[in-house]
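Participant: Take a look at this one; I'll ask things after.
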Amino acid sequence: MDKFLLFTPGPVNVAANLRMAISSEDICHREADFDNLLGSIEDKLLSLFQIEKRNRYRTVVITGSGTAANEAMLSSVVGGGQILVLSNGEFGERLHKTSLIHNAGTHLIEMPWGEAFDLARVEAYLDAHKIDVIAMVHHETCSGMLNPLIGIGALAKAHQALFIVDGVSSVGAERVDMEQCNIAFCSSSSSKAIGAYPGLSIVIGRKEQFEKLRHHKAKTTYLNLATFYGFLKSRSQTPNTPAIPLFFALEQALSNVLQEGVENRFAAIRRRAEKLRCGMRNLNLRFLIDEKDMCCVLTTVCVPKSLNVSNLRRRLRASSIIIYEGKGCFKDKVFQVGNIGEISDGDIAFFLITLRDVLLASREDRNVPAVPVRGATSAAKPFGMFDQAALPVAI
């Protein structure tokens, strides 16, 4: 292989035209050239979100990772009010820790990692407490769970609370319906399903809610959303010097998505996930959560007893394949396989063959008896030794 294959939820392998875009012309961010670039990016982001009433929403782009966008929301939107953070994983916990820094009135409903929220419990909490803002992660990457938005959005609307969403690892792969789900602000990142380089983050929000931010006392300097919105509205610029080459690459990535078609992009990512999951099921691997609860961005796989995650990652890396390992309570218990970015069917086939060989070598290293391939007949070859034609993708 002449490159690493990034089977991760981000960063990702980027399209060839992004490598050209990031080396585009040198421009000044206080000139019309950048104004036009930022305007083009905003227009394309509204198309990516499939916003129908486009005059009601604006998007700001921040030089910083997805966490920067989340901290911008949490430090700018709450003011002196009360915020309820819903957490069922690592990034929900990060929202909570960030909110505690900026907001004295921070509340928490916490579920074990990988467990769904209980809407009745959330509703009961809202009935008992005056909450002004609800914050939640859409795709909780640590488990791969896609948290439903519409139920929490309806509860927020019923209790006259703003709903803010961490969409960092879902936007560009899953539909985020800002209007139907009553979302006031949603964050995103350049380096995940949108398919650009790391280093930029995005906050899309209702224009009326952006306007209200100027009444809140600033809690940060760099990440004050009111300042970003003010510069966007009055000058079509950013308040600080942006990473201009990354803006060129982001615009190209968004152009690629729109040229393919948003729904077509969603379907393509979903097909890749299904191919990987089918192939890994055929290797007798189990998944951490039910497939109906998974985001289409990645798959979290339970580690077989015969396998050491560090050895798995090392052996896959030797074949230029990069995967994630579990974190927190999932450390050494799972590994994660992403399917976004420029990954082809051939890359998926190569990954499945390599994974099969690594699993077989691991069994042989530990003298573990062979296990028949799932669904195989008694005449089948031992675990991991089935013909390439048995893989669910073309070789």
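Computed from the coordinates by the stated procedures, all read-outs in this text should not be read as laboratory data. Computed from a predicted model, the values in this text were never measured in an experiment. Positions of Cβ are backbone-derived with ideal geometry, glycine not excepted, and every protein chain shown enters the neighbour counts.
Participant: Would you calculate, for the chain, the mean residue ellipticity at 222 nm contributed by helices, counting each DSSP H stretch of 4 or more residues as -39,500 (n - 2.57) and dividing by all residues, to the nearest 500?
Facilitator: Taking each H run of at least 4 residues, the total per residue is -12000 deg cm²/dmol.
Participant: Report the label-to-label distance for ASP127 and ARG314 in nanometres (one decimal), using points 7 Å from each Cα along the Cα→Cβ vector.
Facilitator: 5.6
Participant: Collect residues whose amide H, placed 1.01 Å from N in the peptide plane, falls under 5 Å from the amide H of ILE134; neighbours closer than 5 in sequence don't count.
Facilitator: Amide H neighbours of ILE134: LEU84, LEU162, PHE163, ILE164.
Participant: Something else about it: Over all pairs of distinct alpha carbons, what does the Kirkwood formula give as the hydrodynamic radius of the chain, in Å?
Facilitator: 22.1
Participant: Return the FRET efficiency for the residue pair ARG175, ALA361: r is the Cβ-Cβ distance, R0 is 35 Å, and the value is rounded to the nearest 0.05.
Facilitator: Rounded to the nearest 0.05, the efficiency is 0.30.
Participant: For the chain, what is the relative contact order in percent, using Cα pairs closer than 8 Å and at least 6 residues apart in sequence?
Facilitator: Taking the mean separation of contacting Cα pairs over the length of the chain, I get 22 percent.
Participant: For region 154-170, what does the Karplus curve 6.51 cos²θ - 1.76 cosθ + 1.60, with θ = phi - 60°, yield as ³J(HN,Hα) per residue in whole Hz, taken in order and with x for Gly and Pro?
Facilitator: 5, 5, 4, 5, 5, 9, 6, 10, 6, 10, 10, 10, 7, x, 3, 9, 10
Participant: Using only alpha carbon pairs under 8 Å that are at least six residues apart, calculate the relative contact order of region 261-369 and give it in whole percent.
Facilitator: 29
Participant: Could you pull out every one of the lysines with an alpha carbon less than 16 Å from that of LYS292, ignoring same-chain neighbours closer than 8 positions?
Facilitator: Within the straight-line cut-off, LYS292 pairs with LYS275.
Participant: Right, another one. Only bridges whose two residues both fall in the chain count here: according to DSSP, what percent of them are antiparallel, nearest 5?
Facilitator: Antiparallel bridges: around 55 percent, rounded to the nearest 5.
Participant: Continuing with this model, one more query. Pop a pseudo-label 7 angstrom from the Cα along the beta-carbon direction at both SER236 and MET20 and give the gap in nm to one decimal.
Facilitator: 2.5
Participant: Further, regarding this structure: So which lysines pass the test for LYS219, namely a Cα distance under 27 Å, with those fewer than 8 places away in the same chain ruled out?
Facilitator: Output for LYS219: LYS97, LYS130, LYS157, LYS207, LYS233.
Participant: Additional query: Antiparallel as a % of all DSSP beta bridges within region 153-215, to the nearest 5?
Facilitator: Bridges in region 153-215 that DSSP calls antiparallel: roughly 55 percent.
Participant: If r is the Cβ-Cβ distance from ARG271 to LYS327 and R0 is 30 Å, what FRET efficiency results, to the nearest 0.05?
Facilitator: Calculated transfer efficiency: 0.65.
Participant: What list of ³J(HN,Hα) values in whole Hz, one per residue of region 274-286 in order, does the Karplus curve 6.51 cos²θ - 1.76 cosθ + 1.60 (θ = phi - 60°) give from phi, with Gly and Pro shown as x?
Facilitator: The phi angles translate into 5, 5, 5, 5, 4, x, 6, 4, 5, 8, 6, 8, 9 Hz.
Participant: Taking 0.36 nm per intervening residue step and subtracting the Cα-Cα distance, what contour gain separates ASP118 from LEU258 on full extension?
Facilitator: 46.8 nm
Participant: What are the radius of gyration and Dmax of region 79-132, computed over its Cα atoms and given in Å?
Facilitator: My reading of the Cα-based Rg and Dmax gives 11.2, 31 Å.
Participant: Could you give the length gained by full extension between ALA154 and LYS292, i.e. 0.36 nm per residue of separation minus their alpha carbon distance, to one decimal place?
Facilitator: Taking 0.36 nm per residue and subtracting the Cα distance, the gain is 47.5 nm.
Participant: Would you mind checking which residues have amide H under 5 Å from PHE287's amide H? H placed 1.01 Å from N; only 5 or more apart, or other chain.
Facilitator: Residues meeting the criterion, in which the H sits 1.01 Å from N, are CYS302.
Participant: Right, here's the next one. Suppose every K and R has +1 on its Cβ and every D and E has -1 on its Cβ; what is the size of the dipole of the chain about the Cα centre, in Debye to the nearest 20?
Facilitator: Magnitude of the dipole: close to 540 debye.
Participant: Run the simple label-point estimate for LYS212 and GLU342 please: 7 Å along Cα→C-beta, distance reported in nm.
Facilitator: 4.3
Participant: Relative contact order for region 55-175: what percent, with Cα pairs under 8 Å and sequence separation of 6 or more?
Facilitator: Computed over region 55-175, the figure is 25 percent.
Participant: Also: Could you derive backbone 3J(HN,Hα) for region 29-34 from the dihedral phi with the Karplus parameters 6.51, -1.76 and 1.60 (θ = phi - 60°), listing whole Hz in sequence and x where the residue is Gly or Pro?
Facilitator: My calculation for region 29-34 gives 6, 9, 10, 4, 4, 6 Hz in order.
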